[in-house]
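Everything below concerns the one structure shown next.
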Amino acid sequence: MISGVVWHWWLGFFLVIGSIGAVLALLAGYFAKVQNPRYPRKP
């Protein structure tokens, strides 16, 4: 019975970490594709 609680805690932990990573990757991709062409770097 206790192993089910521990298993669900670890599963939730990895899902939260993966979700945060996916959101950060989405934001990084947005800034790379949309914001960078709008404000190009000066040579």
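The values are calculated or read from the model by the stated rules, or taken from the named source; none is laboratory data. Given the structure is predicted, the values throughout are model-derived calculations rather than measurements.
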**OP:** Output the number of residues of the range 6-18 satisfying the condition of being modelled with pLDDT of 80 or more and of a type in the set (Val, Ile, Thr).
**Re:** 2
**OP:** Name every residue in the range 11-41 that is over 13 Å from the mean Cα position of the chain (by Cα) and β-branched (Val, Ile, Thr), in order of residue number.
**Re:** Val34
**OP:** Looking at (1) modelled with pLDDT of 85 or more; (2) not in a helix (DSSP H, G or I), find the lone condition where Gly21 falls short.
**Re:** (2)
